[in-house]
Structure formats: C-alpha cells, structure tokens
1. Of all residues in the stretch 104-124, how many are of a type outside the set (Val, Ile, Thr) and under 15 Å from Ser194 (Cα atoms)?
2. What is the residue count in the stretch 179-200 for residues that are among the β-branched types (Val, Ile, Thr) and either without any contact (Cβ under 8 Å) to a residue 60 or more places away in the chain or closer than 19 Å to Gly132 by Cβ (or both)?
3. Considering each of Gly73, Gly78 in turn, give the residue that is in a helix (DSSP H, G or I) and either at pLDDT below 95 or closer than 21 Å to Ala198 by Cβ (or both).
4. Looking at Glu27, Glu22, which one is surrounded by fewer than 22 Cβ atoms within 10 Å (Cβ to Cβ), charged (D, E, K, R), within 28 Å of Thr112 (Cβ to Cβ) and over 14 Å from the mean Cα position of the chain (by Cα)?
5. So which residues in the stretch 81-103 are closer than 23 Å to Val192 by Cβ and either without any contact (Cβ under 8 Å) to a residue 24 or more places away in the chain or of a type in the set (D, E, K, R) (or both)?
6. Condition check: touching a helix residue (DSSP H, G or I) at 6+ places or on another chain (Cβ under 6 Å), among the charged types (D, E, K, R) and either part of a helix (DSSP H, G or I) or in contact (Cβ under 8 Å) with a residue 24 or more places away in the chain (or both). Does Glu32 satisfy that?
7. Search the stretch 115-140 for residues that are within 30 Å of Lys176 (Cα to Cα) and pair each with any residue that is in a strand (DSSP E or B) and of a type in the set (D, E, K, R) when their beta-carbon atoms are under 6 Å apart and the residues are at least 6 apart or on different chains.
Amino acid sequence: MVLTESEMANHNVLIIIPTYNEAENFEALITEIVKYNKFDILIIDDNSPDGTGEIADQLATKFPEISVIHRVGKLGLGTAYVEGFNWSLARNYEYIMQMDCDFSHHPRYLPTFLEKITSVDLVVGSRYVKGGGTLNWGKIRKFVSRGGNTFARFMLGLKTHDCTGAFRCYRRDLLKKIPWEKIQLKGYAFQVGSMYHAEQVTNKIAEFPIIFEDRRVGQSKMSFKIMIEAFTYVVKMTLLPKFSYSE
C-alpha cells in the first residue's frame, strides 16, 4: 500500500532537512527530491557562512513546496529537528521525514518510506539490517559507527538495529507523544535519544535496508565532542528511572 494521490495533494508528507555549510551538495539534492512531486520540504539553516541559506531562499522561490527557516547561528542538529517537528505539527502534516542534505541519504529510497509508513508509526532506513551497509567508509569510521550503535542498543535495550541513523519517517501521532523538551541534545546523540523515546511509546517500528553513502563533497560534521555527548547520554538514560508518557 502507498499513499493515495489525494493524500499527496493534501501536502501530508514533509521532509525536514537541517543544513550547515552544504552549498556544494544542497541544490542537487533538492532538485532530485522535487522530481517525485510528492513531498513538501522544510529547510532549516543555521546561518551557514558558505551561503547555503541564500541558496535555500532561491530554491524556495522556484519550488512552492519548499519552506525555509533561518536560525541565528549553529544551534545544533537536534534542536533543528525539534524545531522542524513542531513546525510540522502546527501545520498538520501526517507524515514527517528527516534526512541529511549531503546525499548520504539518497532520494531513491523515499518511495519505500511512503510504502511502509502506512502500517507503522516509524520507518527507519537502516544500515544494519540485511542488505544495508555503508559505502566509501574507512575501517575506523565503520568501527566507531557500528560500535556506538551496538553500545546504545545494548545499554538502552533498543530493538531497532540502526538507532543512530537519521533517515526516518514518523507518523504525526507518534511525534506528538514524544517529550521533545526532555531530549536536550544538539548533536548526533539526538538520534539515539529520539529512538529511545519512540520505542517507549510504540512497538510499530519498521526498518528497511539502505546503503549509506559517504558525502559527495564537504567535510563530515562528526567530532569527538559529539561522540562524548552520545556516550554520556546513553549512560545517563541507563541509570535514570523511566518516566510516564502522555497518551
């Protein structure tokens, strides 16, 4: 089952794309997404000094399905997603996606998200299920990524195989139940935190395999500080008592 033409026409699907210094990747990705003619796009730019925000504004004048939020500085990936989630809920989107802007998450997988989200609350494009993987990664990066993912799954008791990946599609009802104000994370630890809370709320989570491709141009945003934030968060959530979720 896929979303109907009526659902598409009602602008029920939004893709949130945070950006910081992605001028070299950005326009090509957006141009690829709009070819599907099935998605609205929200770009959240953290005042990129390389002009990414200006490119986003130009694209928004060309494509009516694009909206842009300009933020005052580099406030972090996690806060960008939370702002985007709140924006989407205020505008009554039913399906809310998130993806990177550097072609690590290839648009060819977008139709699969639309097929699977009709029967679950959350769909994850996964590197760590059969058929998934990474492309053009060195041995150290593979070890750090898989090791961090395994550590988070074990410590937090997560069932999702790829709990650190950012290629996801949420149902609106699930987004409303997750206590975003409790996930005070700026970096990639946000992905672990959001998955942890999602699994406390629902067991209707599906994964399908993707090949995660290394960014085409530019530099990775991963840093030692971001890895420490993720490690600290996992340990803290393991030790803290569970809290109740609103229905």
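The values are calculated or read from the model by the stated rules, or taken from the named source; none is laboratory data. As the structure is a prediction and not an experimental result, all values here were calculated from the model. Cβ coordinates were reconstructed from backbone atoms using ideal geometry, including for glycine residues, and neighbour counts include every protein chain displayed.
1. Within the stretch 104-124, residues that are of a type outside the set (Val, Ile, Thr) and under 15 Å from Ser194 (Cα atoms) number 2.
2. So the count comes out to 1.
3. Gly78
4. Selected residue: Glu27, the only one of Glu27, Glu22 that is surrounded by fewer than 22 Cβ atoms within 10 Å (Cβ to Cβ), charged (D, E, K, R), within 28 Å of Thr112 (Cβ to Cβ) and over 14 Å from the mean Cα position of the chain (by Cα).
5. Result: Glu83, Asp100, Asp102.
6. yes
7. Final answer for the pair search is Asp121/Arg171; Val124/Arg168; Val124/Glu207; Ser126/Glu207; Val129/Glu207.
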